[in-house]
Each structure stands twice: as C-alpha cells, then as structure tokens.
Ligand SMILES: [Zn+2]
C-alpha cells in the first residue's frame, strides 16, 4: 500500500523539480543538468523495482517479530503511539544512516544516493536499491517494542517524504527551525565532500540526534559545499551505480593475500583496505580543488532521445507500483526488464562518444575521506 503513495507522489516530485529548474533559470539562466538529473531519477526507479521484490519480505519479517516478540501493546487509535514511533524511527534512522556511512558493506547500499555531483530535488529521488535492506536490522528494536507494522510503514514513508524538500540549493537557511529540524542547509552539509563537512548531519527529520552524538555541523558561507563522493562514479548507468562499492570491495577481497582481510574488509570503516592491495592497486586520490565534474558532451538528438526513453518508463513503473499485488510474477519481471532496458539505453545515449578520465592531482591524498 505504501507504494501507492509513492506512485501518487511521482507527479508532485516532477512538479517540484520543474519549479526548481525554473527558479534557477530565472535567477541565473542556468538549469539542472539533464544527464545528472535523469540518472538520479533513473537510480530511484531501479530502487523502486528492486523493492517491489524485496520490501514486502522485510515488512513481513517486521510484522512477525512485532506480533511474536513485541514487548508492549500499542493503541493505534492514540496519537501518542504515532508521534512516539515517528521520533523513535527517526532515532534509529540516525544510527542506520550513520552506520551506512561508516561501515564498508553498509556504504555499498547508501553510496548511490551520494553519487550525484549536483544538489537538487532529483537527488532526493536517487535512492540506493540495497539501502533499506541493509539498514533493516537497525529497526528490529522497534519491532521488539511491539510497534505495529502499519505504524512502522507509515513513519518510514513520512520520514522519506520529509527528506524530499531538503535536497535543494534554492532554499537558504530557514529561520527558527535551523539546527532543530533537518533543512536544506543542514543536508547540503551532509552531501558535501569538503573535509570539514564529511560525516556530518545524519539526522532524518530532527537534528537533535546529531547534536547529542557529536555529528552536527553548520553550513559555512566561507566554505561552499562541493557535492558528490570522493571515489567518483563517473557514469550515467543507473544499474551499475548500485554495485559500484560492492565491486570495489569484492575486487579487494579477491586480490588480498590475507585470508582474514578477505572477511574483515567488509566490516571495517568505510574506505579501509587491506595493506597489500593498497600497495598493488592504489586508489587515485581525490583533489577537491582540481576535480572536474563528469559531464560528457552529447548532441541535441541524444538528449531528446534520452528524455523520451526515460519518460516512457514513468507510466510503466506507475502501473507496476499500483498493480504489484495483482500482476503475476512473470509479468512484473517482464515490465521491470523493459524499464531497466530503457534506463540503460538512456544512460548509453548520455555518455556520448568520448571517454572522460578522472582528473586529480596526486598531492591531496585522503586515507579515509569517503562520503
Ligand atoms: Zn547519507
């Protein structure tokens, strides 16, 4: 049922994206980058497809744990229950999000959300396909508290929807709520790769958790945020975006001679690598001063065709979301394959002919710096 709300909200998301685009065009005659924006939304659609086949299972597990082992009974007719679990969810979200940034295998799920080198409403839709599955164990204490599945699904959705409006550069600091609730300014910091901003502002709705656990940072006028990740993805492919970090970890696990490190590296802090592979296969360092955004040139026809291909997927994904419980599995898989093919073709058109290389100078090396 939750997916129905997602399907209903697609036109509103697109409307806000159009308004934001218009705002920047009016302000300084610039607009959202087509290649980046389409990839962000494509990543979101890949995630919706993946979750069509997995989210029901997670909710079933939560419901089972809550019904079988839940310690307390809650009155769903009471506003107290809903408000309490809204904030309890936000607390566990803070920790799930923090772990998603700081543990190697968890970062694999959350990384796609941070890959965009821009910051606008389309980034809010760029969600990691594996993120909710990897974060799910963090929410098990809520099930053990007896949180009804209906309440859990609702507060999860509200938390996600709240986070849409904070992904924009069009809104400056918001009076009164700045530092209390999550805002565009606070979340710009979270998406920034500047050293002073890395691993800050994990909160979903309230910033209290960041202040309590020492991860709060203000956006400083003297240091504009630079967006993206320090191991840039540099591709428009919305499918491989979800396995970019997995593939790096897997490669290191295969190449290291240390049997312990083959297992250990998945659970170590993000960016940790076995000593032998850092020598044999060093990663190119990230240089924030000289980094050039991934932005291959394509002609007007390629742009137009990519928009057509992307737009063609919208009615199909809406149909899948609305009819997911009525469609046979083969039909769902068939429609999912059509969508993935269109999105891949869209990315192929946007990459143009020339292959761009990563440009960075070797001086500014960061041993961690992944976010
Ligand atoms: Zn994050």
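Here the simple spin-label model places points 7 Å from the Cα toward Cβ, and for residue 161 and residue 308 these points are separated by 3.6 nm. Packing, as the average of other Cβ atoms within 10 Å across residues, places the peptides 135-142, 69-76, 28-35 in the order 135-142, 28-35, 69-76, highest first. Taking 7 Å steps out from each Cα toward its Cβ at residue 322 and residue 58 produces label points 2.5 nm apart. Between the alpha-carbon centres of region 302-325 and region 27-46 there is a gap of 15 Å.
Using every pair of separate Cα atoms, the Kirkwood estimate puts the hydrodynamic radius of the chain at 21.8 angstrom. Label sites at residue 144 and residue 78, each approximated as a point 7 angstrom past Cα along Cα to Cβ, lie 2.2 nm apart. Here residue 199 and residue 18 are evaluated by their C-beta separation; at R0 = 35 Å the FRET efficiency comes out at 0.60.
When the chain is treated as a Gaussian network with alpha carbon springs shorter than 10 Å, the biggest mean-square fluctuation among 220, 231, 279 belongs to 279. Placing R0 at 30 angstrom, the Cβ-Cβ distance between residue 333 and residue 251 gives a FRET efficiency of 0.55 after rounding to 0.05.
Every read-out reported here was derived from the displayed coordinates using simple, explicitly stated rules and does not represent laboratory data. What you are looking at is a predicted structure, and each value in this text was computed from that prediction instead of being measured. Neighbour counts are summed over all protein chains in view; Cβ atoms, including those assigned to glycine, are modelled from backbone coordinates with ideal geometry.
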